[in-house]
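Participant: Next up is a structure, given as structure tokens.
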Amino acid sequence: MPGADGPAKNFCTGSVLGIVATAIGYQEIPYFAAIRRALVSSALSRSRQRPARRRSEIWYVVQITLNARDIGMTKGALAILVHGGTDNWSPGRWQARFDDVCRDRRVIVLPDPKAEPADVHYAAVWKPAPGELAAFPNLRVIFNLGAGVDALMADRSLPQVPLVRVAVDDLTGRMTGYVVLHVLMHHRQELYLRQSQRDRRWQPRSQWAAAAISVGIMGLGTLGANAADVLSRIGFRVSGWSRTPRQVNGVTSFHGAAQLDAFLGGADILVCLLPLTSDTQHILDRDLFRKLNRTSPLGAPVLINAGRGGLQNEADILACLDDGTLGAASLDVFAQEPLPLDSPFWTHPKVVLTPHNAADTDPDAISRYVADQIARFEAGGVLENVVDRNRGY
Ligand code: NDP
Ligand code: OXD
């Protein structure tokens, strides 16, 4: 700024720094502001220096800024590896959210031919192909972007680093919404009433109070416990079954194989929120359905499965719906997803079917959850919701 006096020169120096920062987008890097403040004050205190000297000083500031960015980006990269095929699992959607919450580290969406596998310290994944995660030699933590880890447990080459699953209020609330919706749908005879509407038939059937219906929840973990709590507050009689003893207010609990029959015998509506493991695979079969309460006020017991398709014997479900062992079923998950077009479930009059969206994984809530866990881990803290690989969940 030839001919300008002291304050104008100072302003000019500060503005150049600001423009540089804006152009390269570093204002959000926490330490950039401090570096900039220090250098601006140094520039101001030397405002009487000759123009050539000032030019070299500004260049110095630019270089320091670039270095500051490099320091930030040497934090291990986070790789996103999602194979979902639905809107919710679009990699771009996850990248936008992670870019926002991990501003001081590189977020790589795989596959990326330019990515250097050794740079990846964290992987945020949904259904990676077996072997995909073994490609990262410096991996420190794997974050599964859903609650169920069965797909990862099936990968024999999964790196031996902590595997963290999702347990966040957002997902839990969504699942509770699904369970309450479907319990009420069967309790309030919605299938019958919708058909009556289509038939222009004004013939209400007598309606039981919630307290007359017993809901049994298989799996009293993060999701099952919350659904049990809300159902009991709505007035249902609620029981739960888990591997180890669990206590939820207002809920009668059972655990282990020895108490399974007693649990089933009292259930009019069976809700399954188990993880899929070698112990639970195909647990929902004819043998189990026959043990549900045969004197249910609903006429016949109802199945609601939002756990995993691998928990159910699908041929048995269809046969039990047809012969009256089951009165109806709400199914969110299937052995093969998407459900094949020729599956009889699509058109079965006693089936309410949803496309594995009982509890969508929300990128906003879950990217924050992952970023917070990484920050805590790098500060020497403990990771939460680490999967026990021996149990398989
Ligand atoms: P948790 O790990 O918190 O809870 C699992 C529960 O199942 C625990 O109570 C556990 O017992 C019990 N359990 C596990 N194995 C057995 C067994 N062999 N016998 C008896 N009980 C057993 O999982 P979440 O509640 O977070 O999630 C449950 C499942 O829901 C996920 O694994 C996933 O498959 C499914 N899911 C489906 C979604 C959808 O949109 N459809 C969305 C999210 C999850 P214990 O308490 O003793 O450990
Ligand atoms: C999950 C799911 O496991 O979406 O979170 O199914």
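The values are calculated or read from the model by the stated rules, or taken from the named source; none is laboratory data. In this text, all values refer to a predicted model and were calculated from it rather than measured experimentally. In this analysis, Cβ positions are derived from the backbone assuming ideal geometry, glycine residues included, and neighbour counts consider all displayed protein chains.
Participant: Exactly one of these conditions fails for ASP372: (1) more than 16 Å from ligand 2 (Cβ to nearest atom); (2) within 30 Å of VAL101 (Cα to Cα); (3) assigned to a loop (DSSP other than H, G, I, E, B). Give me its number.
Facilitator: (3)
Participant: Next up: Go through (1) under 22 Å from HIS83 (Cβ atoms); (2) more than 16 Å from ligand 1 (Cβ to nearest atom) one by one and return the number of the condition GLN197 breaks.
Facilitator: Result: GLN197 fails condition (1) only.
Participant: Check region 183-190 and report whether any residue there is surrounded by 17 or more Cβ atoms within 10 Å (Cβ to Cβ) and touching an Asp or Glu at 6+ places or on another chain (Cβ under 6 Å).
Facilitator: Among the residues of region 183-190, not one is surrounded by 17 or more Cβ atoms within 10 Å (Cβ to Cβ) and touching an Asp or Glu at 6+ places or on another chain (Cβ under 6 Å), which makes the answer no.
Participant: Further question on the same structure: Any chance you could count how many residues in region 308-342 are farther than 23 Å from ARG194 by Cα and part of a loop (DSSP other than H, G, I, E, B)?
Facilitator: 12
Participant: Let me ask another. Pick out the one residue from ASP279, ASP332, ASP360 that is modelled with pLDDT under 95, within 28 Å of VAL166 (Cα to Cα) and either in the same structural domain as ALA210 (by TED's automatic domain parsing) or within 13 Å of ligand 2 (Cβ to nearest atom) (or both).
Facilitator: From the options ASP279, ASP332, ASP360, the qualifying one is ASP360.
Participant: Of the residues that sit in region 343-357 and are assigned to a loop (DSSP other than H, G, I, E, B) and more than 28 Å from the chain's Cα centre (by Cα), which one is farthest from ligand 2 (Cβ to nearest atom)?
Facilitator: PRO349
Participant: State all residues of region 293-343 that are charged (D, E, K, R), within 22 Å of LEU260 (Cβ to Cβ) and surrounded by fewer than 20 Cβ atoms within 10 Å (Cβ to Cβ); if no residue qualifies, say none.
Facilitator: Of everything in region 293-343, those that are charged (D, E, K, R), within 22 Å of LEU260 (Cβ to Cβ) and surrounded by fewer than 20 Cβ atoms within 10 Å (Cβ to Cβ) turn out to be ARG294, GLU314, ASP316.
Participant: Are there any pairs, at least 6 apart or on different chains, whose C-beta atoms fall under 6 Å, with the first in region 369-393 and at pLDDT 95 or above and the second charged (D, E, K, R), and if so, which?
Facilitator: ASN385/ARG165; VAL387/ARG165
Participant: Can GLY85 be described as within 16 Å of ligand 1 (Cβ to nearest atom), in contact with a strand residue (DSSP E or B) (Cβ under 8 Å, 6 or more places away or on another chain) and either assigned to a loop (DSSP other than H, G, I, E, B) or at pLDDT 95 or above (or both)?
Facilitator: Considered against the rule, which asks whether it is within 16 Å of ligand 1 (Cβ to nearest atom), in contact with a strand residue (DSSP E or B) (Cβ under 8 Å, 6 or more places away or on another chain) and either assigned to a loop (DSSP other than H, G, I, E, B) or at pLDDT 95 or above (or both), GLY85 comes out as no.
Participant: Which members of region 200-231 meet the condition of being more than 16 Å from ligand 1 (Cβ to nearest atom) and of a type in the set (Gly, Ala, Ser)?
Facilitator: Across region 200-231, the qualifying residues are SER206, ALA209, ALA210, ALA211, ALA212, SER214.
Participant: Next up: Which one of the conditions (1) outside any loop (DSSP other than H, G, I, E, B); (2) within 16 Å of ligand 2 (Cβ to nearest atom) does ALA147 fail to meet, given that it meets all the rest?
Facilitator: Every condition holds for ALA147 apart from (1).
Participant: Quickly run through region 343-380 and pick out the residues that are closer than 30 Å to LEU193 by Cβ and either touching a helix residue (DSSP H, G or I) at 6+ places or on another chain (Cβ under 7 Å) or of a type in the set (A, V, I, L, M, F, W, C) (or both).
Facilitator: PRO344, PHE345, TRP346, HIS348, LYS350, VAL351, VAL352, LEU353, ALA358, ALA359, ASP360
Participant: When you scan region 266-287, how many residues do you find that are closer than 20 Å to ALA300 by Cβ and either of a type in the set (D, E, K, R) or surrounded by fewer than 14 Cβ atoms within 10 Å (Cβ to Cβ) (or both)?
Facilitator: 4
Participant: Select, from ARG103, ARG174, ARG93, the only residue that is farther than 22 Å from ASN385 by Cα and part of a helix (DSSP H, G or I).
Facilitator: ARG93
Participant: Still on this structure: Given the conditions (1) under 18 Å from ARG389 (Cα atoms); (2) at pLDDT below 95; (3) of a type outside the set (Ser, Thr, Tyr); (4) away from ligand 2 (no atom under 16 Å from the Cβ), report the number of the one that ALA134 does not fulfil.
Facilitator: (2)
Participant: With more than 30 Å from GLN203 (Cβ to Cβ), more than 15 Å from ligand 2 (Cβ to nearest atom), crowded, with 18+ Cβ neighbours inside 10 Å and not small (Gly, Ala, Ser) as the only criterion, which of LEU152, LEU163, LEU78 stands out?
Facilitator: Among LEU152, LEU163, LEU78, only LEU78 is more than 30 Å from GLN203 (Cβ to Cβ), more than 15 Å from ligand 2 (Cβ to nearest atom), crowded, with 18+ Cβ neighbours inside 10 Å and not small (Gly, Ala, Ser).
Participant: Among the strands (runs of 3 or more DSSP E) confined wholly to region 218-275, which include 1 or more residues that are more than 16 Å from ligand 2 (Cβ to nearest atom) and more than 26 Å from GLY146 (Cβ to Cβ)?
Facilitator: 237-242, 251-255
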